[in-house]
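The structure appears below as structure tokens.
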Amino acid sequence: MHRIIVTVILLVGLFYSLIVLASGMSKWRLPDNQQGYSPKQPIAYSHRLHAGELGIDCKFCHSAAEHGQHAGIPSTDVCMKCHKFVTSSFDVLQEEMKKSDKEKRKPNTIISAELKELYATLDLDDPKTPRPNGKANSIPWVRVHNLPDFVSFDHSAHVTAGVACQKCHGPVESMERVRQFESLSMGWCVNCHRDATENGIDGHAVNASLNCTVCHH
Amino acid sequence: MNYETSKPDNVNDASGDGARAADVDLHGGESPEISRRRFLEAAGFTFSFVALNGCSRPTPELALPFTEQPEGMIPGQSQSYASTCAGCPAGCGLLGGVRDGRPLKMEGMPEHPLSKGGLCAIGQALPLGLYDSHRLKHPLQRGEQAEWKQVDQTIIQTLEKVDASGGAVRFVTSTITSPTLRSSIDAFLKRFSDARHISFDSLSCSAILDAHEKTHGARLLPHYRLEDASVIVSFGADFLGTWISPVEFTAAWRTRRVPTAERPEMSYHAHFEGRMSLTGSNADRRFRLAPDEFGVVLSHLYVSLAERSGEVPQHDALTESPLAAADLAALAERLWAARGESLVLCDSQDVAVQVLVNAINYLLGNYGKTVDIARPSRQRQGSDRDLLELIDELRAGKVSALFVAGTDLTHNLPGHDTLAEAIGKVELVVSFAERQDDFASLAHFVCPDHHSLEAWMDAEPVSGLVSLSQPMLQPLGKTRSILESLARWSGHEDSAYDILRSSWETNILPRTMSTTATTLREFWDRSLHDGFVEVVPTENAATKVGDFDASSVNVIAGRGNAAEYCLTLYSKIGLTDSRHAHNPWLQELPDPVTKVTWDNYVSVSAATAEKLKLIDGDVVRVATPGNGASLELPTLIQRGQHDRVISIALGYGVKGTDRFAKVGPQWFEGRPTVEPGGLVGKNAASLIDPGNGSLSLVRSDVTLSKTDRRHDLASTQEYHSLEIPPNVAPHGAEVRDIVQKTSLPEFAKNPESGKPEHHFDGQLQLWPEDHAKEGHRWGMAIDMNACTGCSACLVACQSENNVPVVGKDEVRRQREMHWIRIDRYYGGDDDDVDVSHQPMMCQHCDNAPCETVCPVLATVHSDEGLNEQVYNRCVGTRYCANNCPYKVRRFNWFDYPHEDSLLNLSLNPDVAVRSRGVMEKCSMCVQRIEEGKIDAKRRGAPLVDGEIKTACQQSCPAQAIVFGDLNDAESAIHAADENPRGYGVLEEFNFRQSVSYLRVVRNRGDLQTDGGEHV
């Protein structure tokens, strides 16, 4: 008797897991393949706005990409180069200007919700006044592109060779929140290395090595 | 399907299905607690869960940027800081590689006038000391954690009391080369009526200093200039290993040790010693001589030289020389012919013997040439006499305050217990030790100094050469610079940086050699950038010269020695005195001669061992009946050891080293590195002879007896042999030409002399067409004539490539992980032993035997000639290691411990930390090759020869290693490849290695050129 019960339970479980797995089939991936990973960030920074709409060059903020292995996440003082003055979106500021003109008063400082969080990390009340005894903290960004420890990837080598940032990172300029666009798997890397050696990058020949130790050491 | 088991306890088993019966049968009637089927079910579920887990998202990893990025800092890129190595007082130039705020890799500074780019094993191992979690992080007051404020207050109050009562204040340090620290100590002591600063070196050159006081009117240590010496005769001075400034001496010695076909010249190096030292093993001619007979041979040498000069002093009858008259005459002749460019060195602690050495060097006209007293060395300042006086004062209870820095006073001195009792009588005892060492545990206050990589400091190792040390990171604990501690107790609040700057303003800047006016800022910035600055040397203190007469011979003339044994205490490379005993890299560094790790031992000659029926590992008892001290240590039979000499290394048995009990992998058959209740090795300082006004490391009043116990030593030399065992060797191949040697006269006739006749054409290739190496082809050449075997490369490699420490038991099981080892070969007999050191690492063969046997292609060949090891493909069959003729592959039997998160900061992020079950080996620092290539790409310029340096090459004090692109016709490696001395180890097998060796050339006519034995 109990054998029948066990069989029924097992069958029910099997069907249930098949349904669950089938529904998520589109998201299946091999272990460590994080394609599509798009974690929530501590500050809702928009690459679409900065890199897309405003057209700021990637390397303006990720300046280390040209010089070293890590592209680096810009330090907060890079943000503050602009956001000492730009405290909210253009439309909101424009409207306040018009309104203040009409009402014959000085415009109020309007700080967007995201920038409030930015200033909070630096312990600033508004962009120009540091709090007495304030302590600036790093912004705890969540890492999106994370290669395993046994892989070495050097940004500067690829940037110097003329590989566009989008080749690996996808159309970041259209992403509100960054997500991992490509699989960043070894097969994907190797295919690009083969293709680059065969066809060159932007018309110039490159030698993208296929030796194992180029990435694994 | 309804079997019943015969076992009653299975009857009630609810899940008793068919498998039960099978299980019971398989296990011979006994039921295991969990059936095989149940186990497989559970395992299956577990594995599927693990697999499913892999498909989930990772736990979010944070990336924390700076709030303000420091200028010029690029994340992940290494920056070099010029500094001074503080591992010993030699003061070598250091370039600290700092990445993302943490010092990782110490490199030698190529521009440094003394070390010339070399850095020894100790310097390489500094980061491990920095990230040592056992280092004190706060001051201690009577062994309890305390606050600086409270400590300062109590010390100041006690000092005021001492000052008022006129009590004696004594400040003991190891040699201090820092002018700023010296003046700080002087300033601190000035206010006390009876205060003295005493320098104490556990490996002292006190006798040389005292001898110069006698002969030259000033207590100074000459700066020996080996680069100017064509004949070097050393009596026991291990100048390539541990004596005064080994890196500097190695670099200087090397300049005259590399003959070329065009200039077949090299220096002649004769070495007299009782034990087998690294320097002795590199000499052209090594003589066995007990250290208590140095004086006798020196007196004969002096007289023999004086005869040649035509002025023989009237002297007493000499004791008969243990050295053959012909050898003595030949040596005297060589020295006399090289007047002004010869050098006689001696490590004796007997002032009379050192006076004789001075007389010989004077007679040879070496003063002002190879013996520089105008710019003396400050690398050893210790005075045994001062220290013995202090001990007497302490015993008499005459000292009120005792400060000790840079040395473990009680550990490094004999008579530990009575000394500890005497120190107990002192009112105020302060230690600056970085950990609670033997003396610090007696101290009332421990005021830990920063680690040298955290602190501002300066050094003047040789008069006129001042260098700076700069901090490479914020202090990890609440430690405080000794400069600041002294300032606080003198009532100043200055920081160490300010103290250093103002000291430079008043003391160093006025000595500048710059002809144009320099501001302190310019001078400081330039010195800080360069790491060192050459300034006007302090005035020559020598007041007289040439005050020698027969008395210096007469003191020694009548001596005879009949003692049965002569005990020699020495220090090992890497450990020196006790200060580096907590560094596991240095503890696991095989001694360059004995190859033993993790222990000290009693070295005896084969004849002595036979006499006492000893074999390696038998515990013997060494006793000094005079003062009742004794020590029990395992025996090691040493080739070339004098029959009367027994030698023991100092610097072992250090308090707290029981922490290494569990240093390696912990598994069921594992044995602890340190026996329960024991320490790493035993402290031999109890055998130091404090008589005759010196702390003598040589004494003749010892007895040696066998005990019935054994203690296994972990030596790395007995395996990884490239020899064929004699019982299986084919006829004619009993001896392989692994080490090839020639003599200088032969070399002058034929630069290819020493080359054996091989029976292969060298052109056979396995894959001639499809593996064209058109871009780079990396290669390495090792000059065995320059290599001294000092093992700096070994620790450099360990630091660069995250090589784990495995512990004594694993070394015993032949599982040490070092990627580079130094094979040592003996030739000749005990009286005239000829030693060769051969660094051995992956040879990166083109026809690699390992590659063809790997079933998973985990080891493959790159198109740049490297033999690559791909960890993720490796499944651990170990076929490759079995098939490797050089035995250089290392297998990860375990996941070696990486639990200490502070210690993990020393790991190089460019190199993967290997996990259990994979093979690893030398990669020729492929991470550096890739970095160099990318660097060149960024610059848009082709790679320059010499730009990429492997870790072993960079640190080599002898510059014995050349690395580069064999396809570059202009490169140094290309030149080395065409050197007539070049050969490949086992090249007769046509492996077509990328590593070649340059043949040994000995400067002697009567060389035995058999290959030597790998024992």
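Nothing in this text is a laboratory measurement; each read-out follows from the coordinates by a stated rule. Computed from a prediction, not measured in an experiment: that's the story for all the values here. Methodologically, a virtual Cβ is constructed for each residue, glycine included, from the backbone with ideal geometry; neighbour enumeration extends over all protein chains shown.
Quick one: work out the % antiparallel among DSSP beta bridges in the protein assembly as shown, nearest 5.
Within the protein assembly as shown, antiparallel bridges account for around 60 percent of the total.
Give, in whole angstrom and from largest to smallest, the semi-axes √(5λ) of the equivalent ellipsoid of chain B, with λ running over the eigenvalues of the Cα gyration tensor.
Semi-axes, largest first: 47, 38, 32 Å.
For the stretch B:798-907, with the dipole built from +1 on Lys and Arg beta-carbon atoms and -1 on Asp and Glu ones, taken about the Cα centre, which of B:F891, B:I820, B:C845 lies farthest toward the positive end?
B:F891
Rounded to the nearest Å, what's the spacing between the alpha carbon centres of the stretch B:106-125 and the stretch B:891-932? Just the number, please.
That distance is 23 Å.
List the aspartates and glutamates whose Cα lies under 13 Å from the Cα of B:K755, skipping any in the same chain that are fewer than 8 positions away.
B:D737, B:E746, B:E987, B:E988, B:D1010
I want the antiparallel fraction of DSSP beta bridges within chain B, as a percent rounded to 5.
On the way: 67 of 115 bridges.
Roughly 60 percent of the DSSP beta bridges within chain B come out antiparallel.
Normalised by the empirical 2.2 N^0.38 Å for globular proteins, what value does the Cα Rg of the stretch B:562-715 take? Spell out each step's value before the answer.
Numbers: Rg = 15.3 Å, N = 154, 2.2 N^0.38 = 14.9 Å.
The stretch B:562-715 yields a ratio of 1.03.
Work out the mean other chain Cβ neighbour count within 10 Å for the residues of B:868-875 and drop it here as an integer. Show your work: numbers first, answer last.
On the way: counts 6, 4, 5, 4, 6, 2, 0, 0.
Counting other chains' Cβ atoms within 10 Å and averaging over B:868-875 gives 3.
With no solvent and one point per C-alpha, what does the Debye sum give as log10 I(q)/I(0) for the stretch A:66-106 at q = 0.18, 0.29, 0.34 Å⁻¹?
Values returned for q = 0.18, 0.29, 0.34 Å⁻¹ are -0.66, -0.95, -1.05.
To the nearest whole number, what is the average tally of beta carbon atoms from other chains within 10 Å of the beta carbons of peptide B:902-910?
1
Only bridges whose two residues both fall in the stretch B:565-688 count here: according to DSSP, what percent of them are antiparallel, nearest 5? Display every interim value, and only then the final one.
Working: 8 of 16 bridges.
Antiparallel: roughly 50 percent of the beta bridges in the stretch B:565-688.
Listed highest first by mean packing, meaning other Cβ atoms within 10 Å per residue, what order do B:670-682, B:230-242 come in? Provide the component values of the computation, followed by the final result.
Numbers: B:670-682: 17.5, B:230-242: 25.8.
Top of the packing list down: B:230-242, B:670-682.
Determine the distance separating the Cα centre of the stretch B:293-360 from the Cα centre of the stretch A:161-192; give it in Å without decimals.
76
Grab the Cα-Cα distance for A:R3 and A:L147, subtract it from 0.36 nm times how many residues apart they are, and report the gain in nm with one decimal.
47.1 nm
Hey, could you grab the Kirkwood Rh for the stretch B:172-318? Inverse mean 1/r over distinct alpha carbon pairs, Å, one decimal.
Result for the stretch B:172-318, one decimal place: 18.4 Å.
Would you kindly compute the Cα radius of gyration of the stretch B:608-685 and its largest Cα-Cα separation (Dmax), both in Å?
Expressed in Å, the Cα Rg and Dmax of the stretch B:608-685 come to 15.1, 46.
Would you mind checking which residues have amide H under 5 Å from B:A714's amide H? H placed 1.01 Å from N; only 5 or more apart, or other chain.
B:T597
Dividing the alpha-carbon radius of gyration of the protein assembly as shown by 2.2 N^0.38 Å (N being the number of residues), what value is obtained?
That works out to 1.05 for the protein assembly as shown.
Debye sum, Cα scatterers, the stretch B:741-1002, no solvent: what log₁₀ I/I(0) at q = 0.08, 0.14 1/Å?
Once normalised to I(0) and log-transformed, intensities are -0.34, -1.07.
Go through B:Y362, B:P246, B:P259 and say which Cα lies farthest out towards the positive end of the charge dipole of the stretch B:206-377; charges sit on Cβ, +1 for Lys and Arg, -1 for Asp and Glu.
B:P259
What pairs from A:K40/A:K116; B:K116/B:K949; B:K595/B:K662; B:K595/B:K808; B:K613/B:K808 go past 19 Å between their alpha carbons?
From A:K40/A:K116; B:K116/B:K949; B:K595/B:K662; B:K595/B:K808; B:K613/B:K808, over 19 Å: B:K595/B:K662; B:K613/B:K808.
In 10 Å bins starting at 0, how do the alpha-carbon pair distances of the stretch A:142-209 split up by percent?
So the P(r) values, bin by bin, are 17, 51, 28, 4.
Working only with C-alpha atoms, what are the Rg and Dmax values of the stretch B:579-652, expressed in angstrom?
When restricted to Cα atoms, the stretch B:579-652 yields Rg and Dmax of 13.2, 37 Å.
Picking from B:P980, B:L130, B:V553, whose Cα lies most toward the positive end of the charge dipole for the protein assembly as shown (charges on Cβ: Lys, Arg +1; Asp, Glu -1)?
My answer, from the dipole projection, is B:L130.
What net charge do the residues around A:C61 carry, taking every other residue with its C-beta under 14 Å from that of A:C61, with Lys and Arg at +1 and Asp and Glu at -1? Before the final figure, lay out each step's value.
On the way: positive: A:K59, A:K81; negative: A:D57, A:E66, A:D77, A:E173.
Surrounding charge for A:C61 is -2.
Which order do peptides B:847-853, B:357-363, B:892-898 fall in by mean Cβ count within 10 Å, highest first? Before the final figure, lay out each step's value.
Values: B:847-853: 18.6, B:357-363: 24.3, B:892-898: 17.0.
Per-residue Cβ counts within 10 Å, averaged per peptide and sorted highest first, yield B:357-363, B:847-853, B:892-898.
Mind checking B:856-866 for the average number of partner chain beta-carbons within 10 Å of each residue's beta-carbon?
Working: counts 0, 1, 1, 1, 3, 2, 6, 4, 4, 0, 3.
Across the residues of B:856-866, the mean count of other-chain Cβ atoms within 10 Å is 2.
Would you please give the residues with an amide H less than 5 Å from that of B:F532, counting only those at least 5 places away or on a separate chain, with H modeled from the backbone geometry?
B:L468
Dipole size in debye (nearest 20) for the protein assembly as shown around its Cα centre, Lys and Arg Cβ +1, Asp and Glu Cβ -1?
Its charge dipole is roughly 2460 debye.
Provide the packing ranking of B:482-493, B:446-457, i.e. peptides ordered by the mean count of other C-beta atoms within 10 Å per residue, highest first.
Details: B:482-493: 19.0, B:446-457: 23.7.
Packing proxy ranking, top to bottom: B:446-457, B:482-493.
So what are the three principal axis dimensions of the stretch A:80-130 from its Cα atoms, in whole Å, longest to shortest?
35, 19, 18
Take every Cα pair under 8 Å in the stretch B:741-1002 that's 6+ residues apart, average their separations, divide by the length, and report that relative contact order as a whole percent.
30
Once you sort the root eigenvalues of the Cα gyration tensor of chain A as a ≥ b ≥ c, which label holds: rounded (a/c under 1.5), prolate (a/b larger than b/c) or oblate (the other case)?
In terms of gyration-tensor shape, oblate.
Taking H placed 1.01 Å from N in the peptide plane, check which residues at least 5 places from A:A208 or on another chain put their amide H under 5 Å from its amide H.
Result for A:A208 returns A:T197.
Can you compute the charge dipole magnitude of chain B about its Cα centre, using +1 on each Lys and Arg Cβ and -1 on each Asp and Glu Cβ, nothing else charged? Give it in debye, rounded to the nearest 20. Intermediate results must be reported in sequence, preceding the final value.
Numbers: 100 positive and 138 negative charges, 190 e Å.
With only Lys, Arg, Asp and Glu charged at Cβ, the dipole is about 920 debye.
Would you list B:R142, B:R928, B:R339 from fewest to most Cβ contacts within 10 Å?
Least crowded to most crowded, the residues run B:R142, B:R339, B:R928.
Can you show me the helix-derived [θ] at 222 nm for the protein assembly as shown, built from DSSP H runs with n ≥ 4 at -39,500 (n - 2.57) apiece and divided by the number of residues, rounded to the nearest 500.
Calculated at 222 nm, the ellipticity per residue is -8000 deg cm²/dmol.
Under 21 Å from the Cα of B:K137, which lysines turn up, not counting those fewer than eight places away in the same chain?
Leaving aside lysines fewer than 8 places away in the same chain, those within reach of B:K137 are B:K149, B:K478, B:K655.
For chain A, find the longest principal axis of its Cα atoms and tell me its angle to the long axis of helix A:2-23, 0 to 90°, nearest 10.
50
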